[in-house]
Every structure is written in structure tokens, then in C-alpha cells.
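**Q** One structure follows; several queries about it will come next.
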Amino acid sequence: MIGITTPTALLLPDDLSEDAWRDVGLDIGGSRNASNWHLGDWWAFGENHHYGTRKALVESPEWRGPSFKTCHGAGTVARAIESARRRALLSYTHHQDVAALEPALQDACLEWCLKTNPPATRRELRDHIKEIKELGKPRTDVQAREYAKHWMAEYGSTLTRYQREALDYAIRHDPIQAARCCDGELTCTQAANVARANSQKRVAQHEAKQQADHEARHADHANVIPLHTEATLDEGVDELMALMQAIERFDGVHVAPAHLLHHMSSEKADEVERCVLVGLRLLKAIHSTWRGLRPDRSPHAQAIRR
């Protein structure tokens, strides 16, 4: 047979022609010793090089090997798990069960199988994968962070340094994405990229909210007369009553204070304006505390009512 065969791989030369590839497939199909790994690598090689209509080949009279479905499934597993990451001590079906997971989780599960002697059975592996997925559906950031940290402590040694850094970034900035990575839904790089994008989005939203709050406060300050805490209720009432008396003494002219200022000297107008501002802020203070006043017993309240 052309190429190099091992118990877990079939390595074909990259320049293999389509006819030669077809002959290798026929040899595998007619051999009793060929493994699913050989079949899968051969099928994946043909897909990568776009060789012919593979379905037509395996359904032709000269084909004596497995069905199209079996060949396609073997090719899928072979592409998902490169030859360098296959474990010779584990069966092909062990690898088949983890093929749909993210590569880092594939390696972690296969290594978990080898922790015992003899290795874990396929049923035990499936239960382990199911447990990981059930635990990997956290609802809150706290749960997701704890889950991802636990996963890193158990399986982090199977990751490359770059993968560990990417997953660690996701754990710190977006634990939900880190948990998805641990479940095999995202790669470590994808989790870090999504976490970075979400973090930037949250920062932009926070800055926009701060800007809106600042503008709202600025508008309020421009329209509301500030209250001076050192002015007591009694002092404010006295100044307001004095303002009312001053207006009544102004030649009997009853006009709004804003119009009244035009008929006064600048010095007198400043004094009246000061009284007006004090009175307005006092009215605001009285309004906020009105329920605490008893009109029948408070002389200031009665005076204001008059």
C-alpha cells in the first residue's frame, strides 16, 4: 500500500494522484486488517484534494468496503482529531465519542480515560462527557467562573501556553464565554475574542451612560437654583417676608420681580434679586417639608399661607 500506516493513522504523500488515491481506497476496502483510522484518513485525503465523487466510488461494483455512511463518518473523525493527537491505547470509538468537542476538550477527555488502568470504557467516557456538559451550563458569572477555574485546574495541562492565556483572559473578563469553551462550544481563541468584544461593548455603554448622566446633571444645575444649607427655615421666611413688604412699598406698583428690577437702581435691584433667589429656594425647601408642618400651629406656615 502506498504511504505509511500505523495503528492509528494512514499517512499519504501530498502529491498522490487521484488514480493512485482511488487504488489505495480499493485496497483498504478489500482488506480485513484495515482500520477505521486508515479508512478515515484516506477519505479525508480525498476530500481535501477534491478527488472525484467519493460516493460514486463506494457505491460502485468494484468497492468491497464499508458503506458511504461509514466512510463519511470515519473521515469526519479523522479530520477532527489529527494523527498526532490520537491515543493508541484507546479505541477508535473512544475518539469517535469526543470528535464533536473542541480540540482542547478532546485531549482532556482522552487523557481522562488513560488515568485508570485499564483505561475507562466507552460508556464511562460518555458519562464523563455528559457530566461535563451538565455542569457546563452555569447561569451566573460567579458559577461560570468557578466552573471554568475547576476545568482549568483539571485539564489545563493539556492546553498550549497560548490556549491557557486565552482561556484565562476569558475567565477574568467574560466567564460565560470561558464556560462555553470548556464545554467545547468555542475554541480558547474564540472565547477570548468574544470576551474582549463584550468587554469593549460594556465599557462603551458605561461611558455613554456616564456622559448622559453628566449632561442631565448639567441641565438640572442650569435650571434649578441651588439650595444653601446654611440658610435655616426661619431665616428664609424672614427674608421672603421682607421681600414681599419691599415690593408692596414700591410706589404701589404690583409687578413681577423680574420686571420690577428695571425700575430700580442697580444697587437696589441686586438686593431685591438676592431676596428673590432666597425666597425661591426657601419655597422649594418648604414644599419638600410641607407635610411636616402643622399650619394651625406654625406661625411661619400661617404667614406664608397669608
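FYI, it's all coordinate maths here, none of it is from the lab. On a predicted model such as this, the values are computed, not experimentally measured, just so you know. So basically every Cβ, Gly included, is an ideal-geometry build from the backbone, and we count neighbours across all protein chains shown.
**Q** What residues qualify as long-range amide H neighbours of Thr6, i.e. H under 5 Å apart, gap of 5 or more or another chain, H built at 1.01 Å from N?
**A** Hits under the 5 Å cutoff: Leu11.
**Q** Treat the count of other C-beta atoms within 10 Å as a stand-in for reagent exposure and order Arg161, Arg202 from fewest to most.
**A** Arg161, Arg202
**Q** Shifting gears a bit: Using the eigenvalues of the Cα gyration tensor, what equivalent ellipsoid semi-axes result for the stretch 4-86 when each is taken as the square root of five times the eigenvalue, whole Å, largest first?
**A** That gives 18, 14, 12 Å for the three semi-axes.
**Q** A follow-up question, please. How high is the FRET efficiency from Ala99 to Arg164, r the C-beta distance, R0 22 Å, rounded to 0.05?
**A** 0.45
**Q** Now for a different question. Using a Förster distance of 51 Å, how high is the FRET efficiency between Arg85 and His206, based on the Cβ-Cβ distance and rounded to 0.05?
**A** The calculated FRET efficiency here is 0.75.
**Q** With 31 Å as the limit, write out which pairs from Lys55/Lys115; Lys69/Lys133; Lys133/Lys201; Lys55/Lys133 have Cα-Cα distances beyond it, or answer none.
**A** Pairs exceeding 31 Å: Lys55/Lys115; Lys55/Lys133.
**Q** In Å³ and rounded to a whole number, note down the convex hull volume per residue for the Cα atoms of the stretch 54-128.
**A** Value for the stretch 54-128: 106 Å³ per residue.
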